[in-house]
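**Student:** Here's a structure for you.
The values are calculated or read from the model by the stated rules, or taken from the named source; none is laboratory data. The shown structure was predicted, so the numbers you read here are calculated from the model rather than taken from an experiment. So basically every Cβ, Gly included, is an ideal-geometry build from the backbone, and we count neighbours across all protein chains shown.
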């Protein structure tokens, strides 16, 4: 099968069906993409907080593409086989005033640079963090004309931040424009389910996809086939679970995240900022129940094996 390589400067930071395709491929072709970090390479491994505060936030997210897939028509489905995703050895996590799940508690900006060593990062002592690279943004261009910021996801995919979309996954997206106009980026080396502080470990990635037009399928929303779970990188020593109930889901989420942060600060001596950052890349939120009205229950779990026994 033909393989194509797409790299910067073939990037954009808005969805726009009028953009000229950076690449044209046939159904079934493989595309290798070099993806910048979500800042569009404005953050580097040596960036300071002062540097970070000067970045142009209108460039977030910078994604690679678009790829025109021949024979893709509105109403078709684009099958995206995620074959390979590799980080580039470093990443970053930030706190931004007014963003994240706890904007009232964290009002000062913060930046943490991670060194990524293969399958782990030990940058945030005493944590040993397993890595599971994926792309936060995988999508086709939405149907509406004009420019659209990349932050909101939708039926076209986009900024889904679904950490399950790892290599071995096949993602299916409804097509809204001729050629599908596929783009991807916003690489994360690790992310908890929830991405509570606004970032996972943001990092540049190289990703490999096979793109196939499916005219035998019809979809209104994204759908995926996930691979079997990979073997655990660290011995399983159980988890801590933080549980909260409230009439509003986000109130329960905030209670869970606050509890987890306070626990990490008290037990391991982390600063609140680093505890919040760790929750964003390792705390897994889930809805435990939505039927005991008026209360919704949210649980957040944090693996004990992140810390020395």
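**Student:** Any residue at all in region 213-221 that's buried (at least 17 other Cβ atoms within 10 Å of the Cβ) and either in contact (Cβ under 8 Å) with a residue 60 or more places away in the chain or outside the structural domain of residue 143 (by TED's automatic domain parsing) (or both)?
**Tutor:** Residues of region 213-221 that are buried (at least 17 other Cβ atoms within 10 Å of the Cβ), as a first pass: 213.
Subsequent filtering for residues that are either in contact (Cβ under 8 Å) with a residue 60 or more places away in the chain or outside the structural domain of residue 143 (by TED's automatic domain parsing) (or both) retains 213.
Yes.
**Student:** When you go through 106, 156 one by one, which is the residue that is in contact with a helix residue (DSSP H, G or I) (Cβ under 8 Å, 6 or more places away or on another chain) and assigned by TED's automatic domain parsing to the domain that holds residue 179?
**Tutor:** Every option except 106 fails the conditions.
**Student:** Output yes when any residue across region 97-119 is closer than 26 Å to residue 171 by Cα, in contact with a strand residue (DSSP E or B) (Cβ under 9 Å, 6 or more places away or on another chain), touching a residue at least 24 places away in the same chain (Cβ under 8 Å) and surrounded by fewer than 16 Cβ atoms within 10 Å (Cβ to Cβ), and no when none is.
**Tutor:** Yes, because at least one residue in region 97-119 is closer than 26 Å to residue 171 by Cα, in contact with a strand residue (DSSP E or B) (Cβ under 9 Å, 6 or more places away or on another chain), touching a residue at least 24 places away in the same chain (Cβ under 8 Å) and surrounded by fewer than 16 Cβ atoms within 10 Å (Cβ to Cβ).
**Student:** Please enumerate the residues belonging to region 290-309 that are surrounded by 12 or more Cβ atoms within 10 Å (Cβ to Cβ) and touching a strand residue (DSSP E or B) at 6+ places or on another chain (Cβ under 8 Å).
**Tutor:** Scanning region 290-309 gives 295, 296, 297, 298, 299, 300, 301, 302, 303, 304, 306.
Residue-by-condition table, conditions (1) touching a strand residue (DSSP E or B) at 6+ places or on another chain (Cβ under 8 Å); (2) under 30 Å from residue 119 (Cα atoms):
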{"site": "211", "(1), (2)": "yes, yes"}
{"site": "214", "(1), (2)": "yes, no"}
{"site": "223", "(1), (2)": "yes, yes"}
{"site": "230", "(1), (2)": "no, yes"}
{"site": "233", "(1), (2)": "yes, yes"}
{"site": "243", "(1), (2)": "yes, yes"}
{"site": "248", "(1), (2)": "yes, no"}
{"site": "255", "(1), (2)": "yes, no"}
{"site": "258", "(1), (2)": "no, yes"}
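**Student:** Look at region 148-170 and say how many of its residues are out of contact with any strand residue (DSSP E or B) (no Cβ under 6 Å at 6 or more places or on another chain) and either within 17 Å of residue 191 (Cα to Cα) or surrounded by fewer than 16 Cβ atoms within 10 Å (Cβ to Cβ) (or both).
**Tutor:** Qualifying residue count for the region: 6.
**Student:** Restrict the check to region 287-299 and report whether at least one residue is modelled with pLDDT of 95 or more, touching a helix residue (DSSP H, G or I) at 6+ places or on another chain (Cβ under 7 Å) and within 25 Å of residue 118 (Cβ to Cβ).
**Tutor:** For region 287-299, residues modelled with pLDDT of 95 or more, touching a helix residue (DSSP H, G or I) at 6+ places or on another chain (Cβ under 7 Å) and within 25 Å of residue 118 (Cβ to Cβ): absent.
**Student:** Within region 22-46, work out how many residues are crowded, with 17+ Cβ neighbours inside 10 Å and out of contact with any helix residue (DSSP H, G or I) (no Cβ under 8 Å at 6 or more places or on another chain).
**Tutor:** The total comes to 13.
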